[in-house]
Structures are given as structure tokens and as C-alpha cells.
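The next block holds one structure in the form of C-alpha cells; read it before the comments.
The values are calculated or read from the model by the stated rules, or taken from the named source; none is laboratory data. The structure presented is a predicted model; accordingly, all values stated were derived computationally and were not measured. As a convention, Cβ positions derive from the backbone with ideal geometry for all residues, glycine included, and neighbour counts pool all protein chains shown. Quick note on the areas: whole protein, heavy atoms, side chains included, nothing else; ligands and nucleic acids left out. Shrake-Rupley method; radii C 1.70, N 1.55, O 1.52, S 1.80 Å.
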Amino acid sequence: MTCRRESNQKLFVYHENKSKLTLQNNDQVSSISIEVDGCEINDSSIRCDFMHIAKEIEFFIELKGQDIEHAVSQIINTINRLSSDVRAKEKRSYIICTRSPLSSTKIQKYKYLFKKNYNSDFIIKSSPHKDYY
């Protein structure tokens with residue numbers, strides 16, 4: 001089984017349980033879709049569900065019910081293991097959840113932490129969510 005799939009398709013859809021993220025590849029550039037959980041990382045460590053690489057950006061994707069704190073740990077752990085450059089490489093970290101129980105102040109703290117430590121946008125949205133690059 002291959003964990004990485006390269007394609008220039010228009011839409012990449014990631015879903016698990018009741019959460020769904022669609023990434024729209026506007027210029028149809030070559031993109032790499034990576035199944036992280038149980039494939040690219042196959043040990044007992046915590047990790048996010050998917051990674052996506054396109055236009056020199058690394059996307060880290062965690063599809064969740066509502067345990068946001070755990071999702072943050074999963075993404076940070078995956079960035080530290082799979083990012084080509086933890087501090088410098090441009091990233092987007094997505095947590096797509098059925099509902100977000102976090103207060104806006106806590107979300108702001110995570111946004112700051114992710115930008116400062118990982119050069120990553122921190123995006124937390126309710127499912128389904130669509131974004132583009």
C-alpha cells in the first residue's frame with residue numbers, strides 16, 4: 001500500500017468520521033497527498049490524519065469530533081516528524097471538527113504559537129470546510 005499519491009487533480013477531499021476538508025487545486029499543480037495515520041507514520045505515536053504538499057506549502061490535516069487539544073498535539077507531533085523544515089517551511093495546519101468547544105482566546109493563542117514556532121497558519125473550522133491553493 002502506498003501512503004503517498006501524486007496528482008494534479010482539481011479537488012482533494014479528506015474525510016474521516018463526520019469531518020471533511022476539501023482542498024481545491026486552482027492551478028492544477030502537481031500535489032502530493034499523504035495518508036499519515038497508520039501509513040506514513042505507522043508506530044504508536046500520536047499523529048494527524050493527513051498531510052498534503054503543494055506550491056511549496058505543507059498542509060497538516062486533522063479531522064476530529066471535538067477533542068481540539070488532542071488534535072493540536074497530533075499536528076505538532078506530525079510537523080516535528082514529517083516537515084522538511086519545522087521552522088522555515090510555510091505550512092497550514094487544519095483542524096476540522098464537528099463542533100469547536102474552544103474559546104476564541106484559546107484559538108488566538110494557538111494561532112500565535114503555530115505562526116511563531118512552525119511558520120504555520122492555524123485553521124480550525126467546522127465540517128465540512130473547503131479551502132484552496
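Per-residue answers, yes or no, for (1) at pLDDT below 95; (2) closer than 18 Å to Val13 by Cβ; (3) acidic (Asp, Glu); (4) within 14 Å of the chain's Cα centre (by Cα):
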site: Leu63; (1), (2), (3), (4): no, yes, no, yes
site: Arg87; (1), (2), (3), (4): no, no, no, no
site: Ile107; (1), (2), (3), (4): yes, no, no, no
site: Phe114; (1), (2), (3), (4): no, no, no, yes
site: Phe122; (1), (2), (3), (4): no, no, no, yes
site: Asp131; (1), (2), (3), (4): no, yes, yes, yes
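The test for being in contact with a helix residue (DSSP H, G or I) (Cβ under 7 Å, 6 or more places away or on another chain) and among the acidic types (Asp, Glu) does not hold for Glu35.
Could you check the range 18-91 for strands (runs of 3 or more DSSP E) lying wholly inside it with 3 or more residues that are touching a Cys at 6+ places or on another chain (Cβ under 7 Å)?
Result: 57-64.
For the range 100-119, the tally of residues that are surrounded by fewer than 16 Cβ atoms within 10 Å (Cβ to Cβ) and outside any helix (DSSP H, G or I) stands at 2.
Would you check if Asp43 is buried (at least 21 other Cβ atoms within 10 Å of the Cβ), closer than 15 Å to Leu82 by Cβ and not hydrophobic (A, V, I, L, M, F, W, C)? Considered against the rule, which asks whether it is buried (at least 21 other Cβ atoms within 10 Å of the Cβ), closer than 15 Å to Leu82 by Cβ and not hydrophobic (A, V, I, L, M, F, W, C), Asp43 comes out as no.
Looking at Lys64, Lys10, just one residue is closer than 20 Å to Asp121 by Cβ and basic (Lys, Arg), and that residue is Lys64. In the range 83-99, what residues are open to solvent by less than 80 Å² (accessible area, probe 1.4 Å), over 16 Å from Asp131 (Cβ atoms) and either in contact (Cβ under 8 Å) with a residue 12 or more places away in the chain or not charged (D, E, K, R) (or both)? Answer for the range 83-99, where residues must be open to solvent by less than 80 Å² (accessible area, probe 1.4 Å), over 16 Å from Asp131 (Cβ atoms) and either in contact (Cβ under 8 Å) with a residue 12 or more places away in the chain or not charged (D, E, K, R) (or both): Ser83, Val86, Ala88, Lys89, Thr98. Scanning the range 1-17 for residues that are part of a loop (DSSP other than H, G, I, E, B) and among the hydrophobic types (A, V, I, L, M, F, W, C), which turns out nearest to Lys64 (Cα to Cα)? Restricting to residues being part of a loop (DSSP other than H, G, I, E, B) and among the hydrophobic types (A, V, I, L, M, F, W, C), the top hit is Cys3. The C-beta contact set for the range 15-30 (first residue under 18 Å from Arg4 (Cβ atoms), second residue among the hydroxyl-bearing types (Ser, Thr, Tyr) and open to solvent by 70 Å² or more (accessible area, probe 1.4 Å), distance under 8 angstrom, 6+ apart or interchain) comprises Leu23/Tyr132; Asn25/Tyr132.
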